[in-house]
Amino acid sequence: MVTEFEQLIKRSDMIRCALCSNAPCSAACPHAADPAKKLRSLWFDNEKGAALSLPEKFFCSRCAAPCEKACLRPGEVPIKSLMVRLHNEVLSGMEKIEINEEALLKSDICGIPLENPFLLSSSVVASTYDMCARAFEAGWAGASFKTICNFDIHEASPRFSAITGDNGTIIGFKNIEQLSDHSVMENMEIFQELKKKYPTKFILASIMGRNEQEWADLAGMCEDNGADAIELNFSCPNMADGGLGSDIGQIPELVEQLTAKAKSGCSIPVLAKLTPNVASMLPAAHAARRGGADGIAAINTIKSIMGVNPHTYVSAPAVHGMSAVGGYSGNAVKPIALRFIDEMAADPEIAKLHLSGMGGIETWRDALEFILLGCTSLQVTTAVMQYGYRIVEDLRDGLSRYLAEKGFGNIREAVGLGVNSVNASTDVLERDTVLFPIFNKKKCIGCGRCQIACSDGGHQAIYLDEERIPKLNGFRCVGCHLCMLVCPQGAISSARKRITKF
């Protein structure tokens, strides 16, 4: 399997692709090859899926490329060369294997079947009948509906802000949005209609009560109107006043008390959605288990402040000269989410519960990491807000292809395989050998980024010769691999053999 960096290098050729709706490049293709779909698969790390979707009669190599002329950023996305590489390099080198996606991706939540592990998480992306219906049609297995409550919700405008990468894509996302602004009865009608039209799709009803009895009542109403399971929102950072949201998730006694009350109001599975705004999630997870929870959902968004304007001095999003602490999400929070998931999966008691993971999932590789650390269902919001429901195609295709190539019969065979590789302390790591970097002269352009990083942020082990080729001083190198991370060409790899320290 290629490394994440190698995947980034391959994707860099299409970094200016806008991932258009009704893409002009596909409309202009005279051979109905739908290049936009291939580009999208490349973007979401599903290179093999992109190659396999090429038409049997391949015309791209001798085509005049009207797709590139039609591109909304003409001359910036080498569509033709990308399609040719998919055909000549990727497709030709692929092993032909049979993939039964339905069998490979079949999962469940507390014994209730899921056709695949991918659900929308509780947010604006799952807040109306129409939105959930379109998501289900696109291939999502279910949805955690936007949190149902009896609060009088009035949203602010604007309510989102983001940190973006060099190409404008969202890395980290902040929201100050609250709960469902539909009445409880309106949401119950939506559940009824969804279950009637899509009986096999999973409805996870997120709820938040104002008092103990309301938690029980809402749970019972959701069950009566078609919900398959309940998700207790103990973690919303935007509803923390008055002992709600993340304030609950930070107090194990409240988690146990309200979980038990919600369980008393229904007979379907109950998941506690816990806050990451704690040092450890285990106290709240154990409290939820004592209260009768059948599973844990994590993580919700992280309390954050971002984008302080240098002229107005107000943080984003600014609402009439004021802002608020909000929830941070997106791919940037994935390492934090995985840390909490691993912490719970490694606990013998919590590992018995269902783990529904979320926090920064964009590609099938992201999803796989959560699975390897113990999750059997996955929830997504921020990536959908940025790219749309269509991302589920590559989530499903990429994950099922990986499972088939690795010889797994089902997703469950991969669950938790990475848990024992992580330890809370670095004291257990072997420290007597070194993995040296290796420089690929063909890829190297002599920029010297490795030398600068090693000199100013490492151990002064790299220098450039007269031809600007990097050389290694093995007596100084400690094998930290900083040089590999900063190389813009992906021209540095790791030695396969460890060398005993001098």
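Tabulated data
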{"read-out": "Region 86-125: projected area of the alpha-carbon convex hull, averaged over directions, in nm²", "value": "5.2 nm²"}
{"read-out": "Rounded FRET efficiency, nearest 0.05, which uses the C-beta distance separating residue 423 from residue 160 and R0 of 35 Å", "value": "0.40"}
{"read-out": "Whole-Hz ³J(HN,Hα) from phi, Karplus 6.51 cos²θ - 1.76 cosθ + 1.60, for region 86-93, glycine and proline x", "value": "4, 6, 7, 9, 8, 4, 5, x"}
{"read-out": "Gained length - residue 463 relative to residue 322, 0.36 nm times residue gap less alpha-carbon distance", "value": "45.7 nm"}
{"read-out": "Virtual paramagnetic centre 7 Å along Cα→Cβ of residue 151, amide N under 18 Å, in region 203-237", "value": "205-219, 231-237"}
{"read-out": "Computed E for residue 21/residue 413 - FRET, C-beta separation, R0 45 angstrom, nearest 0.05", "value": "0.75"}
{"read-out": "Long-range amide H partners of residue 239 with built H, under 5 Å", "value": "246"}
{"read-out": "Sequence-distant lysines (8 or more away, or on other chains) whose Cα lies within less than 18 Å of residue 443", "value": "10, 471"}
{"read-out": "Point-charge dipole on Cβ atoms (K/R +1, D/E -1) for the chain, about Cα centre, debye to 20", "value": "1980 debye"}
{"read-out": "Backbone N under 17 Å from the residue 443 label point (7 Å along Cα→Cβ), restricted to region 88-129", "value": "90"}
{"read-out": "Anchor residue 441: aspartates and glutamates whose Cα lies under 20 Å away (excluding residues fewer than 8 positions away in-chain)", "value": "6, 465, 466, 467"}
{"read-out": "Mean separation of Cα contacts under 8 Å (6+ apart) over length of the chain, as relative contact order %", "value": "13 percent"}
{"read-out": "Other-chain or far-sequence residues with amide H under 5 Å of residue 494's (modelled H)", "value": "438"}
{"read-out": "Out-of-range pairs (alpha-carbon distance over 32 Å; input 48/273; 80/497; 37/334)", "value": "48/273; 80/497"}
{"read-out": "Inter-probe distance in nm under a simple model that places probes 7 Å from Cα toward Cβ, at residue 486 and residue 92", "value": "3.8 nm"}
{"read-out": "Reference-scaled alpha-carbon Rg (2.2 N^0.38 Å with N residues) for region 432-500", "value": "1.01"}
{"read-out": "Angle between the chain longest axis and helix 212-224 axis [Cα atoms, degrees, rounded to 10]", "value": "80 degrees"}
{"read-out": "Summed residue charge, Cβ within 13 Å of residue 500's Cβ, Lys/Arg positive, Asp/Glu negative", "value": "+2"}
{"read-out": "Measure of compaction for the chain (Cα Rg per 2.2 N^0.38 Å)", "value": "1.05"}
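Computed from the coordinates by the stated procedures, all read-outs in this text should not be read as laboratory data. As the structure is a prediction and not an experimental result, all values here were calculated from the model. Cβ coordinates were reconstructed from backbone atoms using ideal geometry, including for glycine residues, and neighbour counts include every protein chain displayed.
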